[in-house]
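None of the figures in this text is laboratory data; all of them are computed from the coordinates on show. Since this is a predicted model, take the numbers as computed values, not measurements. Every residue, glycine among them, receives a Cβ derived from its backbone with ideal geometry; neighbour counts consider all protein chains shown.
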Amino acid sequence: MTYLLVKHRYDACATLVTIVGEVDLATVAQFRERLDTAPDCDAVLEMSDVALLSAVGLRVLLDLQDRLAAVGAWLVLAAPAHPVRRVLDVTGLDLRLPMESTVEDALVLLGTVVREQRTIAADGRLQDADRCRSSVVGDAVAATHAVKSGLMQEQAVILRVGAAAVKQASAELTAHATALRLQAQAVRASAESCRRRGGDRSRPSTPAT
């Protein structure tokens, strides 16, 4: 039986939602109902104990993000479990849904954004708040992908070097095997020559008449 638990608690600056279990067709209605009751303010979803997040669950998260964004609030995923992070990476939604490794880091991110938005609002430039928010998330996502890209390039170089070394070793083994075959042929030829000379000496000579 699929199991899902969604618990709300409230911090001074955000709604904290803890999600435990699996989000699939059997539990998505409960998942949506619980998230729909969250107030229109910044929210942190703690997802370290989520064993499955299906496509229908992703749709619920995006709908929640859209609802909060309409009132200038943020949605941040905290400590997403491996199945969650994997599906976000595969679908490209890691570029849209902000993520932090802990709830504390998510709250720090929200606090930083709130301070920046208040400063911008005080200057009478409210429209810049969205650009600032997108820039913060975009920079973080870009840095993450740059690290991933660097690691992939480094692995590719290691694989190419390893392949070259294997190819060289194979060529050396082939050359060595060829040399051994030539030596064996020479030994057989020498043995055959010795055998023939031995046969000639053992054959009796015919007296002259």
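Based on Cα positions only, what radius of gyration and what Dmax would you give for the stretch 4-125, in angstroms?
14.2, 48
Relative to the present Cα-Cα distance, how much length would full extension add between Lys7 and Leu95 at 0.36 nm per residue of separation? Provide the component values of the computation, followed by the final result.
On the way: separation 88, 0.36 × 88 = 31.68 nm, distance 2.61 nm.
Fully extending the segment from Lys7 to Leu95 adds 29.1 nm.
Among residues other than Pro83 whose Cβ falls under 12 Å from its Cβ, what is the net charge (Lys/Arg +1, Asp/Glu -1)?
Working: positive: Arg85, Arg86; negative: Glu22, Asp24, Asp49, Asp89.
Local charge sum for Pro83: -2.
Residues with amide H under 5 Å of Trp74's amide H, sequence separation 5 or more or different chain, H placed in the peptide plane at 1.01 Å from N; which?
Under 5 Å from the amide H of Trp74: Asp42, Ala43.
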